1. When the helix-only estimate is applied to the chain (DSSP H runs of n ≥ 4, each -39,500 (n - 2.57), divided by the residue count), what is the mean residue ellipticity at 222 nm, nearest 500 deg cm²/dmol?
2. Could you calculate the contour length gain from residue 23 to residue 59, that is, 0.36 nm times the residue separation minus the distance between their Cα atoms, to one decimal place in nm?
3. How much of the pair distance distribution for region 1-45 lies past 12 Å, counting alpha-carbon pairs only, in percent?
4. For Cα pairs less than 8 Å apart in space and 6+ apart in sequence, what is the mean separation divided by the residue count of the chain, i.e. the relative contact order in percent?
5. Given that compact globular proteins tend to follow 2.2 N^0.38 Å, what is the ratio of the alpha-carbon Rg of the chain to that value?
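Every number here is computed from the coordinates shown, using simple stated rules; none is lab data. Note that the coordinates shown come from a computational prediction; the quantities given were computed from them, not determined experimentally.
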């Protein structure tokens, strides 16, 4: 798997708009690309932390690179840029972990 993490701070008073834009515009755009497994907005749990993380998970590095080179990644950043309080940073990671993402069982 190939995981891309973009970190950024959000302008004061922009959180609700950021959430809406991320879920309504960014997620469908990312999810439409071949090999995308997930697209998540991670919000800080600690009140003193102001770093948000946008996480995309890809089946392979080639899929993540194809998304990046298609121009879609820059388009997604464009959707969100007005909500950023400073420039975002991007890091990529490779994972060889067993990966299963499914809802918890309702059976007990």
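1. -7000 deg cm²/dmol
2. 10.9 nm
3. 67
4. So the answer I get is 44 percent.
5. In units of the 2.2 N^0.38 Å rule of thumb, it is 1.13.
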